[in-house]
Structure formats: structure tokens, C-alpha cells
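Structure first, then comments.
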Amino acid sequence: MKKVVVLGSTGSIGEQALEVIQAAGDELQLVGISAHSRWERACEQADAHGVERLAITDPGAAERCAAQRPAGSVLAGEAGITELIASSGTDLVLNAVTGAAGLGPTIVALSQGIDVALANKESLVIGGELVTTLAEASGASIIPVDSEHSALFQLIRSERPGTVEKLVLTASGGPFRERADLTGVTVEEALAHPTWDMGGRITIDSATLFNKGLELIEAHHLFGVPYDAIDVVVHPQSIVHSLVHLNDGASLAHLGYPDMRVPISYALHFPERADVPLPTLDLASVGSLTFEEPDLERFPCLRLAREAGEAGGTAPCVLNAADEVAVEAFLGGRIPFTAIPEVIERTLAEIPAVVPTHFEDLYAVDAEARERARSFLEGAVA
């Protein structure tokens, strides 16, 4: 029986991960969960799954949760997540924490030689080579949970080294793929994703195609592939999750209905496969699969992400920090949708990329980038 800790259990990925674990019977055992502020939901999950200890990172929420639970069963703050991972005896940590906050738990798990099922793409976007080097040194594996990277992971594993020449990430195109003028986009419109049911920040990032830019950087680090060998193509039906081009002219694709339980199950059960109660893909009923180039003029965030990835060093850290600040401001009604890439580009221009030697370097740059990005919000007020 594989023991699993799910971080970010009250989010979309976390909730679906618990469904998969519940359906796995004796194959998987949930031994710990974490949440940020939704402590009441976390308590419900703990009771439903027989979890004795949980971590709540928001101090106020942790205090309220602790008042309702047995003494010592609620761990508070970032230190609580560290203790949860260390004391749970887990074999696998599924990291579904949102944003830069997910980097710390990834470092903790890998440092202890614990495999990580990674849904928190920022761990690799920000941490880059420091994270992959840590995994190599500890012998821990990073198993991607994102549907696109899970697809690439499976496709690449079937090929010998040197045969894969190019990776292709697919993107749904978001809710504004056919909208020419993005001025006046409302929060409600941006949150109405046509395919996936996700959290707030990632849904906005999908609408700007910033999320696909993060995935491009993540793929670079996961698979050790140069940026000029990674393409992005818009595929509105979201049936083809990714594909690879091989050296003999053939291409291999990973297809399936868009449902995150599939890559979650693969990551949790890896290297085995388990049944997922979903219908088999019926191509005749799908009818047609279409593909198009992303519009980098309307969606400059994808261009900015590629440029930051190619610049390397701390540039992706700055990129992500600026986006988190800008998206929060947009969701709060303080800046327009079109100002998100403006804030990111200005922040990147102000903070030169350097090569980090320690994780502390990244945390310092992250803080500086957030402060700089916030200073740009005043000039971008809606």
C-alpha cells in the first residue's frame, strides 16, 4: 500500500486526488492533507478519509481548526507542512498548492528522498535546475500531474534517448480565443473557462495563456529539452493533451477526454495504471480535431514566458511573481485584464536575471519582484 500526502487538498486538484485515492481501495492510503484557509473543508476531508493530522498554513484558520480537533492533530503554517511530510511516513507527496507557495513543500519532500507528484508547476518554474538537481541528489522522482506534462511523460518513457526531437504542448485557447478585443474583459468572463474546472488564479492564467507559458518552462526542466524544441499549439477540443515528434518523421500523441482524474491517477499509481471510471474516447462522436497557432499579439504572456525561460536564472521567478501580483489585482477589480501582461513585462525589464546558487536567492528575488510589480499597479488602475 502506497502512503500519500495531499497538499492543497481543498482545491480542484486536491479534491479530485482524494476521489482517486478513495476509489483505489487498499492500493493507496491517505496519511496527511494540507490547506491554506479552508479549514472547515479540510476537517471534513480528514474525517471522511480517516486522516489523523492535517496542516493549515493560514495562522488564523489553523487556530480555529485546532480548537475543533484533538490536541496535536493540527499543524500550523509552513512549518506545519514540513512536519506533516516528515512525520507521516509517506511514500508520495502530491503537491497541489497554488503558486510560489508550493516551492517550499517540494523542496522539503525531495530533500527527504520522497517522490513528488507535481501539480504545482511553479516549483519548477521558479526552482528550475536547483529543484531538478535536488531530486537527482536525493534519488526522489518528480512525476508530473498537469495533463500536458503527464502526457509527455508517458510518451517519452516509451522512446529511447535521442529519438524525441520536439515536444508539443496543446492549449485550449481559453475563453477569449475568438475575441478580437480584450479591453473590457470582466472577471466573470475570464473565469468562464470552456473546458477545465480550475481554481481562480490558474483560470485567469489560462485566459491570458500565461499558464501555457509556465507549462513550457516546466517542460524544459522536467524533460531537459531546449526551448527551441518545445512548441505550443492551440487545440480547442482539448482531446490531444500533448504530442512528440520523433527522429524518423513519426509523431505520437496522447488523447483522451479532458478529465484531471486521469493524470492524477497515473501519478498516484505510477509506475502502475489503475482503472478510472471514464468513457473510452469516441473519435467519431468528437467529430473533428482542430489546431491553430497561438496569437502572441493578443496573448503576449506566452511570449513573455518563453523569453523569461530562455533568459534563465531568476527571470522565471520574476515572471511568476509579477503574474501572481497582477492576477490578484485583476481579480480584485483594481486593474484591467489587458494590464496583466503590462505589469509582468515592466517587472521583468526592471529586474535583471542572475544565476541563483541557493533557494534563498530565489525567495529574495520573488519578494523583490512582488514589491516592484505592486508599484506598477497604480499606473494600470482600471
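Any read-out appearing in this document is the output of simple, stated calculations on the displayed coordinates, not a laboratory observation. Since this is a predicted model, take the numbers as computed values, not measurements. A quick note on method: Cβ atoms are made from the backbone with ideal geometry, for glycine too, and the neighbour counts reach across all protein chains shown.
Brief remarks follow.
- Sum of side-chain charges, Ser238 neighbourhood, beta-carbon under 11 Å (Lys, Arg +1; Asp, Glu -1): -2
- With 0.36 nm allotted per residue and the present C-alpha distance subtracted, the Asp282-His193 stretch has 29.7 nm of extension available.
- Contour minus Cα-Cα distance for Asp275 and Ala180 (0.36 nm per residue): 30.0 nm
- Two-site FRET efficiency, Ser375 against Glu310, from Cβ-Cβ distance with R₀ of 35 Å, rounded to 0.05: 0.85
- Region 2-144 - percent relative contact order, Cα under 8 Å, separation 6 or more: 21 percent
- More than 24 Å apart - percent of Cα-Cα pairs taken over region 2-144: 24 percent
- Candidates His149, His49, His358: whichever shows maximal mean-square fluctuation once the chain is modelled as a Gaussian network with Cα springs under 10 Å: His358
- Cα centroid separation, region 127-148 to region 220-271: 17 Å.
- Each of the GluC sites (Glu not before Pro) that DSSP puts in a loop and that has at most 14 other Cβ atoms within 10 Å breaks the chain; the longest unbroken stretch is 53-158.
- Taking trypsin sites (Lys or Arg not before Pro) across region 28-74, none is in a DSSP loop with at most 14 further Cβ atoms lying within 10 angstrom of its Cβ.
- Estimated [θ] at 222 nm from DSSP helical runs (n ≥ 4, -39500 (n - 2.57)) normalised by residues in the chain, nearest 500: -14500 deg cm²/dmol
- The local environment of Ala96, defined by Cβ-Cβ distances under 12 Å, has a net charge of -2 under the rule Lys, Arg +1 and Asp, Glu -1.
- Relative contact order of the chain, defined on C-alpha pairs under 8 angstrom at six or more residues apart (%): 14 percent
- Each residue of region 104-109 was assigned a 3J(HN,Hα) from its phi angle through the Karplus expression (A = 6.51, B = -1.76, C = 1.60, θ = phi - 60°), giving x, x, 5, 4, 4, 5 Hz with x at Gly and Pro.
- For the chain, built as a Gaussian network whose Cα springs stay under 10 Å, the top-fluctuating residue of Ser88, Ser251, Ser123: Ser251
- Its alpha carbons give region 249-382 an Rg and a Dmax of 20.0, 53 Å.
- Equivalent ellipsoid semi-axes, the chain, via Cα gyration tensor eigenvalues times 5, rooted, Å: 30, 26, 21
- Rounded to the nearest 5, the antiparallel percentage of DSSP beta bridges internal to the chain is 30%.
- Placing a pseudo-label 7 Å from each Cα along the Cα-to-Cβ vector at Phe291 and His358 gives an inter-label distance of 4.6 nm.
- A simple rule links phi to the HN-Hα coupling: the Karplus curve 6.51 cos²θ - 1.76 cosθ + 1.60 with θ = phi - 60°, which for region 128-144 gives x, 5, 5, 6, 5, 5, 4, 4, 4, 5, 8, x, 7, 9, 10, 10, x Hz, with x for Gly and Pro.
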